[in-house]
Amino acid sequence: MPSNRRHFLKQIGGLAASYGAASAGLSFISPDQEDIEPATKPLFFTISLAQWSLHKKLWAKEMDNLDFPGMAKNTFGISVVEYVNQFFKDKAKDEKYLAELLKRCKDNGVKNHLIMCDGEGDLGDLDAAKRKQAVENHYKWVDAAKFLGCTTIRVNAYGQGSAEEVQKAAIEGLSQLGEYAAKTGINVIVENHGGYTSNGEWLANVMKGVNRKNVGTLPDFGNFCIKREGGALWGAKCIEEYDRYKGVAEMMPFAKGVSAKAHDFDEQGNCIETDYVKMLKVVKDAGFKGYMGIEYEGEKLSEEEGIKKTKALLERVGRRI
């Protein structure tokens, strides 16, 4: 058995064990414990801010993409950011614009981590010509990421067909894009983002098939709906959901970032839909020490409040596990 495969199986075995232990039950850490058990441990990860957390404000033109780095630092005290290409879709090749965005980052002491790319075609398309076009459509974002000092772009591995057919096509598409991105030192990562990609085992097998150092995953604490009514990718009622803790554990050996999704909170500041103690143990047990991106998507709180609550939760839990 090749050494890299032995290493992978060892990782999976360890993650499965930690996942089983974590499954024993929910365990929340209350803010009241701050006075009783002051946290002194440093976080094992670095907090970043995903731009999607502010998508309502951006779509409403209440803020501009160029304002994002300054807002991340000055409003939330976060020094690493993750962009969404939808908010500057026509600027990928505009060096003047990108230079201004980079200047805003430097002025505020902010580091660029990744660009989340949507709307550029399906990298798992069964049609070879369409898949090739999708690969090439992402080249400009690889180049933009390099210009901005990012290390990574997040892409989608969608496709229409059987799980096996789309998996094979996604391996080919990601391999081609990964080869191009490697020339500039950029990583290409896939998030659990609906359909087959929200099946942790399926996505892990895609990564094993690609087998490139610069191609990996972006485990998201949510986004585990694998089937919706009417076959919709988004918007319709979810009728089949993959276990989020199992899914994250399966993706962690390939993770080059983690997305800390949150929607609602209880009175103690804990995320209702995800047990952060349980989830962060899965992440930590995988040996992860990279960027943990806040991605607040709730409706009950303002985007600013939701981001602050997610950050407080990450800090509270992250220092105690």
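Observations
- The residues neighbouring ALA157, those whose beta-carbon lies less than 11 Å from its own, together hold a net charge of -2 under the Lys/Arg +1, Asp/Glu -1 convention.
- For the chain, the equivalent ellipsoid derived from the alpha-carbon gyration tensor has semi-axes of 28, 26, 19 Å in decreasing order.
- Of the trypsin sites (Lys or Arg not before Pro) found in the stretch 177-222, those that fall in a DSSP loop while having at most 13 other beta-carbon atoms within 10 Å are LYS183, LYS213.
- Distribution of pairwise C-alpha distances over the stretch 107-216, 10 Å bins, in %: 16, 50, 27, 6, 1
- For the options ALA50, ALA128, ALA249, a Gaussian network treatment of the chain with springs between C-alpha atoms closer than 10 Å singles out ALA128 as fluctuating the most.
- Annotation: cysteines of the chain without a disulfide-compatible partner (Cβ-Cβ under 4.7 angstrom) are CYS105, CYS117, CYS150, CYS271.
- Derived scalar couplings between HN and Hα for the stretch 238-251 equal 6, 10, 8, 10, 7, 5, 5, 6, 5, x, 5, 4, 6, 8 Hz in order, rounded to whole Hz, by the Karplus curve 6.51 cos²θ - 1.76 cosθ + 1.60 (θ = phi - 60°), x for Gly and Pro.
- Violating pairs (Cα-Cα greater than 19 angstrom) within the set LYS41/LYS289; LYS56/LYS261; LYS208/LYS278; LYS41/LYS281; LYS56/LYS111; LYS261/LYS309: LYS208/LYS278; LYS56/LYS111
- For the stretch 115-127, backbone phi angles converted through the Karplus equation (6.51, -1.76, 1.60; θ = phi - 60°) give residue-by-residue couplings of 10, 7, 10, 10, x, 10, x, 9, 6, x, 5, 6, 7 Hz, Gly and Pro being listed as x.
- Surface composition of the chain: carbon and sulfur atoms hold 49% of the protein heavy-atom accessible area at a 1.4 Å probe.
- Extension gain (nm, one decimal) between ILE239 and TYR139, 0.36 nm per residue minus Cα-Cα: 32.5 nm
- Taken one residue at a time, the phi angles of the stretch 70-83 give Karplus couplings (6.51, -1.76, 1.60, θ = phi - 60°) of x, 5, 4, 7, 7, 8, 10, x, 10, 10, 10, 10, 10, 8 Hz. Gly and Pro are set to x.
- Ellipsoid equivalent to the stretch 199-317 - semi-axes via the Cα gyration tensor, in Å: 24, 20, 12
- Gaussian network model of the chain, Cα within-10 Å springs - most flexible of TYR83, TYR242, TYR97: TYR97
- Restriction of the GluC sites (Glu not before Pro) in the stretch 260-299 to DSSP coil positions whose beta-carbon has at most 13 other beta-carbons within 10 angstrom yields GLU267, GLU273, GLU299.
The values are calculated or read from the model by the stated rules, or taken from the named source; none is laboratory data. None of these values were measured; they are calculated from a predicted model. We place every Cβ from the backbone using ideal geometry, glycine too, and count neighbours over all the protein chains shown. Quick note on the areas: whole protein, heavy atoms, side chains included, nothing else; ligands and nucleic acids left out. Shrake-Rupley method; radii C 1.70, N 1.55, O 1.52, S 1.80 Å.
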